[in-house]
Amino acid sequence: MSPSDAASEPVAPTGLEGVDYLGWLPEEWSAWARSVGEPAYRGRQIFEWLHRHLAAEPAAMSSLPESLRAHLTAAGVGWPWRLSVESKSDDGTRKLLLEPHNGDPKARIETVLLPEQLVNFEDDPYTGGLRKESDAVSQCISSQVGCAMGCVFCASGALGLTRHLSAGEIVAQTSLGRVQLEAPQHLRRLVYMGMGEPLHNYEQTARSIRVLTHPWGFALGARRITISTSGLVPKIDALAQDFEGHVHLAVSLHAADNETRTKILPINQRYPLEDLYACLKRYPLRRRRWITIEYTLIEGINDGLADARALARWLRGLCVKVNLIPLNPVDHVPLKAPSPARVHAFQRQLMDAGYSVYVRKQRGDDIDAACGQLAMRAAPARPARPAATARRLALL
Ligand code: SF4
């Protein structure tokens, strides 16, 4: 064999095919490096290239020897997503539809970039017109393709669960989001509030947090990460134990009585309000931290003053802030947001009871910003709404 033949021979990948290496921590990369005859410190270098410097392909990892770069290239190391569709709202919100490299339309997910200067409730008469100019961006990421929870107003719930995302697939959304930012923007917060229930995919969600917060990578502070859940009590406890309250918790409540809440969120049958309250009470909050209570206001369902009073009673004894979210319109869901006057009356009632209450400004209405809607429209055929969801809608 001539030297040129040897040079053109493909390098055999070792142990990375089908592996979720974007969800690996540095020590796992180091173990892999040793297994292919490289020194352990190469593991840290690869991790830094992937998560700090956002190298989308091994060729860009200039501090690695050429043979190792070739090895990683042959193993297909890179991001699992490519940008399929981008929608940009008049208010600056950018919604990205991501698809895997095989183009499978059923495996698409969504992620949303939200410039923070628009997040601060500037039109809200009750919060003093807060407005903060900033180049910071929040990103809303997905944890599953579709969702199994079946919340009655949600497009992702209507899609049903296709599959859980791996930790690497979750992390790669942020990498793609970060390279999409326009200078001097920077990613400051992550909210697991896109498609899926992150605590239904707990192991991968927890691993993704460890990767994203690792000081050799993106190094995002854990308190800048919000996990939003519909109320999976045992997994909230697991999150509390694993991250000791450093991760911010947001809970979708939507009603303070079991009958109404079960109609809106079926998970309430399994973990009713009494269990949820006890779980939130024991969540280990750090100093000057709170739990965010998400409450979607639906006209005629949960938006009355009696509902607000019930909510105020239910929250007593918890350290919380409340986000009121006038329902985002969703295709084929015959539910509406209340009028602004009704929203403000609800807010006033809670504020009079002593709570911090914000009305979340609707973002990106013109680009289907409610979670799952873009994927739903892009899906090859609209899935039938599961019968159970249709029954609950009829009950509301
Ligand atoms: S609101 Fe969240 S938990 Fe409920 S169906 Fe939608 S994605 Fe799932």
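Structure values in brief
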read-out	value
Whole-Å semi-axes of segment 18-74's equivalent ellipsoid (Cα gyration tensor)	14, 14, 11
Spatially proximal lysines relative to Lys235 (Cα-Cα < 20 Å; intrachain offsets below 8 disregarded)	Lys281
For segment 18-74, size of Cβ-based charge dipole, Lys and Arg +1, Asp and Glu -1, in debye	120 debye
Exposure proxy ranking, count of Cβ atoms within 10 Å, fewest first, for Cys151, Cys140, Cys279	Cys279, Cys151, Cys140
Whole-Å semi-axes of the ellipsoid equivalent to segment 208-254 (Cα gyration tensor, √5λ, descending)	22, 11, 8
Reachable lysines from Lys361, criterion Cα separation under 21 angstrom, eight or more residues apart if same chain	Lys88, Lys95, Lys132, Lys321, Lys336
Segment 195-231: chymotrypsin sites (Phe, Trp or Tyr not before Pro) falling in loop per DSSP and having at most 16 other Cβ within 10 Å	Trp216
For Ser339, Ser89, order by how many other beta-carbon atoms lie within 10 Å, fewest first	Ser339, Ser89
Relative packing of peptides 222-230, 267-275 - highest average C-beta neighbours within 10 Å first	222-230, 267-275
Among 154-167, 177-190, 284-297, the order from most to least packed when residues are scored by Cβ within 10 Å on average	154-167, 284-297, 177-190
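Laboratory data are not the source of any read-out in this text; all were calculated from the coordinates shown. For clarity, every value in this text was computed on a predicted model and none was experimentally measured. Cβ sites come from the backbone with ideal geometry, for glycine too, and all protein chains shown count toward neighbours.
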